[in-house]
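Below is one structure; the comments refer to it alone.
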Amino acid sequence: MLKLLATIALLSSLLAAADSSYERVEEFLEKSFSNNQNIKSIKIKVTNKIPVKEHSGWSAYFVELDAVLKKDGRQVVQKMIWFSDGKVITKELFDLESAKEMNDFVSLPFKDEYYSKANLIYGNEKAKHKVVIFSDPLCPFCRQFVPEAIEYMKKEPNKFAVYYYHLPLESLHPSAVELIKAAIALELKGAKDVVLNLYKVNVDPKEKSNDVILKEFNKVMNSNITMVDLMSSEVLKHLQNDLKVADALMVNGTPTVFLDGTVDKTKMKYKEAK
């Protein structure tokens, strides 16, 4: 009984310390940002704290900033990462040996609640490994990586459950948005291998004509998707859900790969999975 009470007391003290560190970071950042004359009001919330494994004593604080600007009352919501060792806090932290930013060493976990049957494109949801891919079909790096990775994993459905999340990089590839909507619309009609074939569609990333985009898409897919299909509420909902998950995880680059809930910076660990 005494041992149980001691364990409870220890856990309570650890939780209190965690809460304290959250509050200290929030208070510091709120005070710091409040000094900005362009900000009318601001609220800071630490959503997660993850140790930087490669550097003992340092932790990454995942922060949500919600501010209202004085000039036009516009609301600005932003996610960011700050680092602290409990004594100092900094936005940028570099490793002297590798010259890498600490952002390269930390990431949020892919929570169970993010796995959706609507995003399972290959494999069994009870497979041994869950692989998540965030991708833009017009991203040149994605076009090199994604088809090969999918072809590799789809051959072992009991080993890999492959989840795919659309993440169009609109500022770089504006035509990717409509192309992705077409793919979602076709999947909703029951077509198979849509994502894999999506990487065979050759469209200028800057193409603005929806007619041109759909013509190339339908040619590859042997389909007849129209603008009406792209405007479907189900299509828009699916894309928004994908973007929401990416935002929650602070994923802003493609391709981004998670293996069993942890981001894989190498993107190749699926080949080592047993």
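Taking the stated definitions as given, is Lys71 modelled with pLDDT under 90, of a type outside the set (Asp, Glu) and open to solvent by 90 Å² or more (accessible area, probe 1.4 Å)? In short, yes.
On the stretch given as segment 92-105, residues that are under 25 Å from Arg24 (Cβ atoms), charged (D, E, K, R) and open to solvent by 80 Å² or more (accessible area, probe 1.4 Å) total 1. Select from segment 106-133 the residues that are under 24 Å from Asn197 (Cα atoms) and charged (D, E, K, R) and write down the one among them that is surrounded by the most Cβ atoms within 10 Å (Cβ to Cβ). My answer is Lys130. Against the definition (at pLDDT below 90 and open to solvent by less than 60 Å² (accessible area, probe 1.4 Å)), how does Phe33 come out, yes or no? Yes.
When the helices (runs of 4 or more DSSP H) confined to segment 181-255 are screened for residues that are modelled with pLDDT of 95 or more and surrounded by fewer than 19 Cβ atoms within 10 Å (Cβ to Cβ), those reaching at least 3 such residues are found at 210-221, 233-248.
Taken over segment 38-48, residues that are assigned to a strand (DSSP E or B) and open to solvent by 70 Å² or more (accessible area, probe 1.4 Å) amount to 3. It is to be established whether one or more residues within segment 139-153 are in a loop (DSSP other than H, G, I, E, B) and open to solvent by 10 Å² or more (accessible area, probe 1.4 Å). Checking segment 139-153: not a single residue is in a loop (DSSP other than H, G, I, E, B) and open to solvent by 10 Å² or more (accessible area, probe 1.4 Å).
Every test in (1) exposed (fewer than 14 other Cβ atoms within 10 Å of the Cβ); (2) within 23 Å of Ala246 (Cα to Cα) is passed by Ala60 save one, and that test is (1).
Kindly establish whether Lys3 is at pLDDT below 75, of a type in the set (Lys, Arg) and open to solvent by 60 Å² or more (accessible area, probe 1.4 Å). Considered against the rule, which asks whether it is at pLDDT below 75, of a type in the set (Lys, Arg) and open to solvent by 60 Å² or more (accessible area, probe 1.4 Å), Lys3 comes out as yes. Selection of first residues in segment 155-169 that are open to solvent by 30 Å² or more (accessible area, probe 1.4 Å) and of second residues that are in a strand (DSSP E or B), restricted to Cβ pairs under 8 Å at least 6 apart or on distinct chains, gives the following pairs, ordered by first then second residue: Pro157/Tyr122; Lys159/His129.
Pairs linking a residue in segment 22-42 that is closer than 18 Å to Ala60 by Cβ and of a type outside the set (Lys, Arg) to a residue that is in a strand (DSSP E or B) and at pLDDT 90 or above, with Cβ atoms under 6 Å and 6 or more positions apart or on different chains, are Tyr22/Val46; Val25/Val46; Val25/Tyr61; Glu26/Ile44; Glu26/Val46; Leu29/Ile44.
The values are calculated or read from the model by the stated rules, or taken from the named source; none is laboratory data. This one's a predicted model, so the numbers in the text were calculated from it and none came from an experiment. We place every Cβ from the backbone using ideal geometry, glycine too, and count neighbours over all the protein chains shown. Accessible surface is based on the protein model in full, side chains and every heavy atom, while ligands, DNA and RNA are left aside. Shrake-Rupley method; radii C 1.70, N 1.55, O 1.52, S 1.80 Å.
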